[in-house]
Amino acid sequence: MLVGIYTNKSKDVGGIWSNKLHSLLNRYGIDYIDIFDGNFSAVNPMEHAPEKKPDLIVVLGGDGTILGLTTYAAENAVPVIGINAGKLGFLTEFETFEMESAVEMIKHGKLKADERILLQIEAGEKRYYALNDCVLQRLCSEENTGSLIVGLSVALDNTLVDKITGDGLIISTPTGSTAYSLSAGGPILAPGIESFCITPISAHSLHHRPIIYGTQSACVVTVEEGGLTGLFCDGKLICRLSAGDSVKVSRAARTINFLRKKDSNFYNRLLLKLNNGRE
């Protein structure tokens, strides 16, 4: 077995956690390689992919670090284990004080797979993937001298379902439903549900509400009016859009697998994380 270690060095000051992980893997006789330092980009999440594909990747960081690994892990069918060296850590399974337990479970195969669906985002001729969400949102900058709101039309399977005027909208997966979408008033979707959610951001009308739809449908969002609009995938600005530009969002053929404790339960983790770690 070959384990890849993907570390966000800004969360691992002085290499405390990565050094401890190296020591534990050596003790348990598990081969490992260190891969890209976790200063990720959604556009190009791994500038230097490892020469030899690991059997699994241990991420030392928070949810943001894991998001930067999404494309590589999905394209190469490499499962991911998250050890939380960040803040909230919805996607991570272990805390740093549980590191030895995590390594022991890796060694003896005591982990279960948790498969998550991805978004496929097509903008022009380019294609991107997102684990959490795709966001179209007005940009505030000196170069954007146009309207401070944006008008977006939303179509599902070529049928217009809404026109939203406001700051923008979020299209989230069940995984992303506990992230930005939740903060914007969207619902929480259980991971196994084959659905996506469209959540308006600060809409200028009270009738706009989140829309949950099946993953078999394709969603096309068109910028109808307003100033510059940013397209974000998992929190990273991908490109700028103008009036008339469209983005197509659908279910990706690829998925990503997280490895979790066999007694891991989404609802227990949800309660714990939403209460900031308090039981």
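Couple of notes before you dig in:
- Amide H contacts under 5 Å for ALA218, placed H, 5+ residues apart: ASP157
- Principal-axis analysis of the Cα atoms of the chain puts helix 99-108 at an angle of about 80° to the longest axis.
- Calculated mean residue ellipticity, 222 nm, the chain: -4500 deg cm²/dmol, from DSSP H runs (n ≥ 4) at -39500 (n - 2.57) each, averaged per residue and rounded to 500.
- For the range 89-164, the mean projected area of the C-alpha convex hull, equal to one quarter of the hull surface, is 9.8 nm².
- Estimated distance in nm for a label pair at SER246 and ASP31, the labels positioned 7 Å out from Cα along Cα-to-Cβ: 4.9
- Among residues other than GLY151 with Cβ under 13 Å from its Cβ, the summed charge is -3 (Lys and Arg +1, Asp and Glu -1).
- Highest-MSF residue in the chain out of GLY14, GLY185, GLY168 [GNM, Cα springs under 10 Å]: GLY14
- Compared with the direct C-alpha span, the chain from LYS87 to ARG209 gains 41.0 nm at full extension, assuming 0.36 nm per residue.
- Cut-off under 5 Å, modelled amide H: who pairs with LEU56 long-range: LEU2, GLY4
- One quarter of the convex hull surface built on the alpha carbon atoms of the chain amounts to 15.5 nm², the projected area averaged over directions.
- If you plug the beta carbon distance of GLU122 and LYS20 into 1/(1 + (r/R0)^6) with R0 = 51 Å, you get a FRET efficiency near 0.75.
- Distance from the range 210-279 to the range 52-92 (C-alpha centre basis), Å: 17
- Its Cα centre serving as origin, the chain has a Cβ charge dipole (Lys and Arg +1, Asp and Glu -1) of approximately 560 debye.
- Qualifying trypsin sites (Lys or Arg not before Pro) for the range 60-166 [loop in DSSP, other Cβ within 10 Å: at most 14]: LYS87, LYS110
- Projected label distance in nm at GLU51 and ALA190, using a 7 Å step from Cα toward the beta-carbon: 4.7
- Dipole magnitude for the range 118-253: computed about the Cα centre from +1 point charges on Lys and Arg Cβ and -1 point charges on Asp and Glu Cβ, it is near 200 debye.
- Selected from GLY214, GLY230, GLY29 as most flexible by GNM, with the chain as the system and alpha-carbon contacts under 10 Å: GLY29
- Of all aspartates and glutamates in the structure, those lying under 14 Å Cα to Cα from LYS53, and not within fewer than 8 positions of it along the same chain, are ASP31, ASP34, GLU75.
- DSSP bridge orientation in the chain - percent antiparallel, rounded to nearest 5: 75
Every read-out reported here was derived from the displayed coordinates using simple, explicitly stated rules and does not represent laboratory data. Quantities reported herein were computed from a predicted structural model and do not represent experimental measurements. As a convention, Cβ positions derive from the backbone with ideal geometry for all residues, glycine included, and neighbour counts pool all protein chains shown.
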